[in-house]
Amino acid sequence: MSKYTQKAAITVSQIVAAKAKGQKVSVVTCYDSAFARLVDQTDVDIVLVGDSLGNVMLGHDNTIPVTMDDMLHHARAVARVLTRPFLCVDMPFLSYHLSVQQALTNAGRLIQEGGAQGVKVEGGRSIAPQVRALVEAGIPVMGHLGLTPQSVHAMGGYRVQGRGVEAAQAMLDDARALEEAGIFALVLEMVPAELARRITETLKVPTIGIGAGPICDGQVLVLHDILGFDEGFNPKFLKKYANLGKVVREAVEAYDTEVKSGAFPGPDHSFKD
Ligand code: KIV
């Protein structure tokens with residue numbers, strides 16, 4: 001057992017308390033058990049089974065086609081092996097907008113069948129009743145404002161949100177409404193750094209930035225982006241910590257070459273009588 005897996009599991013109250021202590025919260029996405037086992041051996045605080053799995057794992061252009069069944073499938077794979085980070089799972093497109101009842105039913109499935117410890121929802125004041133009902137049912141909720149990819153068509157693309165006085169005030173009002181409804185943390189995606197600072201200083205719960213500058217209480221990135229799987233994906237907010245796209249391609253190329261030349265398998269990889 002690694003030194004990491006011996007640590008106690010992270011709780012939602014520890015995540016909220018981190019802000020008061022001035023401790024940053026680190027969040028990464030994860031969609032399968034192979035990567036979850038590795039992330040589990042780090043000090044990352046929250047694992048998010050994001051609906052970005054639509055792009056990263058399922059080959060969709062955006063997160064809109066992602067279904068409850070997709071989320072449950074990937075959440076279970078991560079939940080089976082994760083021992084220490086808090087496990088938060090995205091509620092997919094239109095799985096919580098229709099009614100409070102619909103939100104409760106679907107969030108309940110992610111907790112009960114998917115092994116989630118909390119859920120994430122995109123949107124502000126318009127979904128505050130759903131957030132309140134989930135929290136009252138004992139389901140921790142993470143909010144998500146700024147660029148909310150489930151609204152990509154309404155936003156006209158993946159662009160910075162909250163620019164200008166009115167848009168900034170609207171986002172601040174949404175953030176307050178979500179906090180009032182009971183969220184334990186708030187993702188701010190593609191938001192001007194100054195607005196993210198104002199929201200961070202206004203809320204008691206931690207803000208988790210992605211493209212929202214340094215004055216947030218934590219950060220989230222998509223795991224495959226951190227690892228550099230896609231050499232062609234280089235948005236301004238992303239820092240790559242590895243170049244696994246190249247590593248994987250070179251390894252597969254070397255294997256292919258050795259199979260075709262007969263160099264693999266040799267005596268070292270063969271069994272004796
Ligand atoms: O779906 C996702 O992975 C997310 C994070 C990038 C915040 O929402």
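Quick note: the coordinates plus some simple rules give every number you see, no bench work behind them. Source: prediction; values computed, not measured. Methodologically, a virtual Cβ is constructed for each residue, glycine included, from the backbone with ideal geometry; neighbour enumeration extends over all protein chains shown.
Scanning segment 67-92 for residues that are within 12 Å of the ligand (Cβ to nearest atom) and under 23 Å from I183 (Cα atoms) turns up M71, C88, V89, D90, M91, P92. Within segment 211-233, is even one residue among the charged types (D, E, K, R) and under 30 Å from L134 (Cβ atoms)? Checked segment 211-233: at least one residue is among the charged types (D, E, K, R) and under 30 Å from L134 (Cβ atoms).
The helices (runs of 4 or more DSSP H) found entirely in segment 123-218 that carry 2 or more residues being among the charged types (D, E, K, R) and either within 27 Å of L98 (Cα to Cα) or more than 15 Å from the ligand (Cβ to nearest atom) (or both) are 128-136, 165-181, 193-202. In the set A79, A9, A34, only one residue is in contact with a Leu (Cβ under 7 Å, 6 or more places away or on another chain) and among the small types (G, A, S); that residue is A79. Note on segment 100-122: among residues that are away from the ligand (no atom under 16 Å from the Cβ) and assigned to a loop (DSSP other than H, G, I, E, B), the one that is farthest from H74 (Cα to Cα) is Q117. Candidates are the residues of segment 50-66 that are closer than 15 Å to S95 by Cα and touching a Gly at 6+ places or on another chain (Cβ under 8 Å); the one that is nearest to the ligand (Cβ to nearest atom) is T63. In segment 37-49, what residues are away from the ligand (no atom under 12 Å from the Cβ) and hydrophobic (A, V, I, L, M, F, W, C)? Of everything in segment 37-49, those that are away from the ligand (no atom under 12 Å from the Cβ) and hydrophobic (A, V, I, L, M, F, W, C) turn out to be L38, V39, V44. Whenever a residue of segment 148-164 is closer than 16 Å to S126 by Cβ, its partners that are among the acidic types (D, E) and surrounded by 20 or more Cβ atoms within 10 Å (Cβ to Cβ), lying with C-beta atoms within less than 8 angstrom and at least six residues away or across chains, give the pairs T148/E122; T148/E189; Q150/D51; Q150/E122; S151/E122; Q161/E189.
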